[in-house]
Amino acid sequence: METLVVITCGFYFLSTAGYLFYLIFQKDFLQRAGFGLLLAGFAVHTVVLGTGWYQSGHIPVRNLYETLLMAGWATAGIFLAFSHRFNLKIFGIYAAPLITLIMLVATQVPRVPVQAKPIFDNFWLVIHILTIFLGEAALALACGAGVFYLLQERAIKTKHHGFFYKRLPSLELLDGVGYTCLIAGFTLMTFGLITGIIYAKSVWGRFWSWDPKEVWAGITWLLYAVLLHERLTVGWRGRRSAILAIIGFAIVLFTFFGVNFFLKGHHGIFTRF
């Protein structure tokens, strides 16, 4: 298993290098190489998670190591899906390093053995975990689109058409991609929260317990709900939408890491959920 994880990290690292060289030299074969290497890494990554699931009999999110592996896999999968949809060649320069970073951090955390509890054997828990991870991966890409939007906007407004200006897509396209990622992420997050509530009722006998993780997940959901509502009704687009997408993902990261490390609650038994 460790060998497969190292191979996965190797593919992602080489993919990052491919996209970096593409950013610099703008040669299409470098982008195709980066995409192909990331796809290969995702395939091996899927085998790693599938093997772990088969061997343990439970979805592999029992400790921080497994949780990070799942986060990296979800981000890679969402990126590949959206790359096929939009053909945004440059977007890999954000996604590939992010995935590589997640995997490198995962390899450095202790492999703390955790005995899976009977409550892991639940259909709703599996759906809850998968949809939350995929939703947050989509929101990570929305954050990336927001960063690219601000870079491109700055280049246009200051009239300093530097390194990124010719390499980034138009503001309209970046705004559209960010919006699509937000819709996908918010939809998956909503479904994940609903299935989590159903799971909580079946295990603990109550839909909501004001656990810190639940509270911050609710705050995150409300922020994105406001962003999407205002975009549809008031027309929040462009810079404001990009900034809020970045802030929203910062809150996602705090919910992912900060709540687990600094606040206590019954979600600690899952390390992530």
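Just so it is clear, none of the values below were taken in a lab; they were calculated from the coordinates. The shown structure was predicted, so the numbers you read here are calculated from the model rather than taken from an experiment. Please note: Cβ atoms are built from the backbone with ideal geometry, for glycine as well, and neighbour counts cover all protein chains shown.
Could you quote the convex hull projected area for the chain, Cα atoms only and averaged over all directions, in nm²? The partial results should precede the final answer.
Working: hull surface 58.5 nm².
Mean shadow area of the hull around the Cα atoms is 14.6 nm².
Which residue fluctuates the most in the chain, going by a Gaussian network model with Cα springs under 10 Å, if the choices are 192, 77, 176?
Comparing 192, 77, 176 in the GNM, the peak value goes to 176.
With the contact rule set at Cα under 8 Å and sequence spacing of 6 or more, what percent relative contact order holds for the chain?
Value for the chain: 19 percent.
Of the trypsin sites (Lys or Arg not before Pro) in segment 1-66, which ones lie in a loop per DSSP and count no more than 12 other C-beta atoms within 10 Å?
Listed in order of number, the matching sites are 27.
Rounded, prolate or oblate: which fits segment 1-116, taking a ≥ b ≥ c as square roots of the Cα gyration tensor eigenvalues, rounded meaning a/c under 1.5, else prolate when a/b beats b/c?
It comes out prolate by the Cα gyration axes.
Is it possible to state the helix-based mean residue ellipticity at 222 nm for the chain, with each DSSP H run of 4+ residues giving -39500 (n - 2.57), the sum divided by total residues, to the nearest 500 deg cm²/dmol? What is it?
Result for the chain: -26500 deg cm²/dmol, rounded to the nearest 500.
Return a whole-number percent for the relative contact order of segment 1-116, with Cα pairs under 8 Å and 6 or more residues apart as the contact set.
It rounds to 33 percent for segment 1-116.
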